[in-house]
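The values are calculated or read from the model by the stated rules, or taken from the named source; none is laboratory data. All of these numbers come straight from a predicted model, not from anything done at the bench. Backbone-built Cβ (ideal geometry, glycine too); neighbour counts: all protein chains shown. The protein model used for the area step is the full one, side chains on, heavy atoms only, and it has no ligands, DNA or RNA in it. Shrake-Rupley method; radii C 1.70, N 1.55, O 1.52, S 1.80 Å.
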Amino acid sequence: MEQPLHATVERFFDGERTRVLVRGRLDRESAPAVLDWIRAWLPKTRARVGLDLGEVQYLDSAGVAVLAESLRLARQRGCRLELVRVSEAARRTMEMFRFRGELEQAAPVREGFLEGVGDGLVRWVEGAREMLFLIADTFYWALVGPFARSRGAPAGEMTRQTILLGSRAFGVIALLAFLIGLTLTLLSAHQLRQFGANIFAANLVAVAMAREMGPMMTAIIVAGRSGSAIAAEIATMKVTEEVDALAAMGFSPVRFLVVPKLYAVTLTQPLLTIVSVVCGILGGMVIAAALGVPPQAFLHQATGALALKDVSTGLLKSLVFGWIILVVSAHRGLSTRGGAEEVGFSTTRSVVVSIFAVIIVDCIFSLIFYT
Amino acid sequence: MSDLLLEIKNVSLGYGEEIVLGGVDLCVRRGELTVVAGPSGCGKSTLLKAAVGLLAPVSGSVRLFGVDLAGISEDRLSGLRSRVGLLFQGGALINSMTVAENVALPLNQFSRLPENVIDTLVRMKLGQVGLEKAYAKTPPELSGGMRKRAALARSLALDPELLICDEPSAGLDPVTAAGLDQLLLDLRSALNMTLLVVTHELGSIDAIADRVVVIDNGGLIFDGPLAQARRSDIPAVRDFFTRQPPRAEDRGKSMLERFLKTTGEVAS
């Protein structure tokens with residue numbers, strides 16, 4: 001059986017105007033039906049209509065919201081909806097919400113297109129400026145810090161960060177590089193076989209891993225697992241005022257939080273890249289063996305193909321990528337404002353922006369080194 | 001040396017384009033215990049941040065120990081801050097470090113004391129706030145009140161000349177809160193510490209304040225001795241000290257009456 005409505009609505013002419021009489025409990029249960037009724041019936045002319053709440057025994061917040069909506073509707077349709085009588089119970093609730101016929105809503109400020117573009121530009125320039133300051137600060141303290149009289153982060157922080165950023169990432173990078181080397185060899189061997197040049201798959205894998213795939217894949221994995229962790233850590237500290245507390249105690253937050261990570265990343269990023277290059281070539285060797293190329297021949301071919309320039313550009317790139325990830329993540333973390341949900345937002349942004357920046361810088365590097 | 005530890009002159013503060021506080025003047029003299037009171041969200045914490053240069057004022061000047069904070073070098077600012085203890089509202093302990101390491105942080109930064117002396121000092125400071133047992137714990141393992149006391153121990157580490165506390169007793173049980181008030185008073189009498197305390201606990205204000213500053217509606221509305229604040233006839237100050245609920249806005253009622261004006265009847 002359908003639940004009986006708590007409120008009843010009737011309409012009559014009281015000699016002066018049409019009056020809508022609401023009886024009973026105007027609450028969360030009955031409010032939608034009452035609103036439907038009023039919406040269906042409210043005239044679209046400039047008529048006067050009375051809303052009689054004299055028989056309302058109970059009014060809750062949903063009821064008040066419905067009244068506000070009805071009045072808004074009336075104004076929209078051009079008729080005059082007036083409260084005629086208000087029962088004591090209804091009056092108490094309305095006063096509690098300071099109901100004034102409409103609940104004040106701050107009109108959302110719609111900004112124009114140009115305003116939006118200008119605003120975005122200003123924010124972007126501001127962000128870029130902050131980033132430059134952060135870069136300057138970070139490298140200043142990284143170089144000057146060890147010789148300064150005041151202290152930075154506690155001893156052992158760099159070791160801790162190195163373990164966090166380096167050895168913890170070792171496994172996943174080694175495994176993924178192995179699989180990428182394997183896939184790359186399989187793909188190229190399949191193509192090269194048509195020319196009977198199977199063995200040159202080794203050259204391709206070695207050069208590709210050392211120059212491009214190694215630094216790039218390592219950077220992307222580090223951005224995903226360590227960059228996000230850095231952004232989340234610093235953002236959380238920002239939100240809980242820990243960063244302010246450090247500043248208030250006379251520490252430079254950049255020196256305390258970012259510089260140990262810079263040392264760590266400077267050490268770990270090239271090492272991880274070497275790991276990924278080696279594992280990639282090993283992956284290639286395994287699949288080549290399955291395709292009939294003896295491992296010794298593959299390794300000989302691969303190492304012979306690598307020029308010093310391939311290796312050094314790869315390592316230089318990896319270093320720059322590591323720094324980019326660190327600075328971007330630290331910047332996102334430090335510019336976090338507000339509450340806990342902002343931490344998640346900053347973390348996501350740090351990963352997206354650092355991968356984006358890494359790929360763009362990689363393009364620039366390719367242009368510099370290959371043209 | 002000047003008697004004025006903190007001099008805030010005609011300062012306006014805000015975040016972005018929003019101004020939270022405007023035209024504030026506030027001086028803190030040596031040895032005084034000033035309480036900053038006012039309703040939640042009126043900008044008390046913002047004022048404290050500006051006092052130590054964590055937030056640059058939109059206009060006006062802040063002088064800490066007689067030095068203008070505008071355009072001051074990081075080194076100089078860091079030196080000034082070492083003479084100020086700041087207790088944050090949420091404690092702001094470094095969560096990745098133990099309580100002891102947190103308390104030792106400022107000691108390591110600003111003193112050349114040997115490790116074991118620092119350790120003794122840390123234990124003394126923790127004893128002062130009744131947290132000897134939390135020595136090796138990390139902040140997330142502590143209760144809210146314990147975190148606050150640990151943070152107080154940290155801000156006391158360097159025996160600062162000026163101790164600034166943001167709601168030290170909020171969220172504490174009455175006994176612990178009273179103990180904390182007593183501790184603040186002891187610090188003042190024993191070490192001649194100057195205190196600037198933000199609180200809206202009436203009990204605390206009565207127990208500790210020499211002088212009360214009341215902030216409301218984006219500005220400073222009262223500055224004077226506690227007794228005078230108690231007798232004040234400024235409505236917002238009187239309401240604060242007598243725990244009056246905010247006045248029902250007369251607007252609300254009159255609007256309701258305006259809707260009723262056609263017939264004017266109110267059924268009962």
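Structure data summary
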{"item": "Condition check for A:Glu82: within 12 Å of chain B (Cβ to nearest Cβ), modelled with pLDDT under 85 and exposed (fewer than 12 other Cβ atoms within 10 Å of the Cβ)", "result": "no"}
{"item": "Wholly enclosed strands (runs of 3 or more DSSP E) of segment B:167-268 bearing at least 3 residues at pLDDT 85 or above and within 14 Å of chain A (Cβ to nearest Cβ)", "result": "none"}
{"item": "Checking A:Arg332 against (1) of a type in the set (Lys, Arg); (2) crowded, with 20+ Cβ neighbours inside 10 Å; (3) closer than 30 Å to A:Leu182 by Cβ, the condition it does not meet", "result": "(3)"}
{"item": "Residue that is surrounded by the most Cβ atoms within 10 Å (Cβ to Cβ) [pool: residues in segment B:137-182 that are hydrophobic (A, V, I, L, M, F, W, C) and more than 30 Å from B:Arg29 (Cβ to Cβ)]", "result": "B:Met146"}
{"item": "Residue that is facing chain A (nearest Cβ under 8 Å), of a type in the set (Gly, Ala, Ser) and in contact (Cβ under 8 Å) with a residue 12 or more places away in the chain, where the choices are B:Ala92, B:Ala100, B:Ala70, B:Ala50", "result": "B:Ala92"}
{"item": "Number of the condition not met by A:Asp52 [criteria: (1) of a type in the set (Asp, Glu); (2) more than 15 Å from A:Leu81 (Cα to Cα); (3) open to solvent by less than 40 Å² (accessible area, probe 1.4 Å); (4) touching a strand residue (DSSP E or B) at 6+ places or on another chain (Cβ under 7 Å)]", "result": "(2)"}
{"item": "Yes/no for A:Met209 being farther than 21 Å from A:Ser329 by Cα and in a helix (DSSP H, G or I)", "result": "yes"}
{"item": "Pairs with Cβ under 9 Å, 6+ apart, first in segment A:152-163 and under 16 Å from A:Pro253 (Cβ atoms), second among the hydroxyl-bearing types (Ser, Thr, Tyr) and open to solvent by 30 Å² or more (accessible area, probe 1.4 Å)", "result": "A:Gln161/A:Tyr263"}
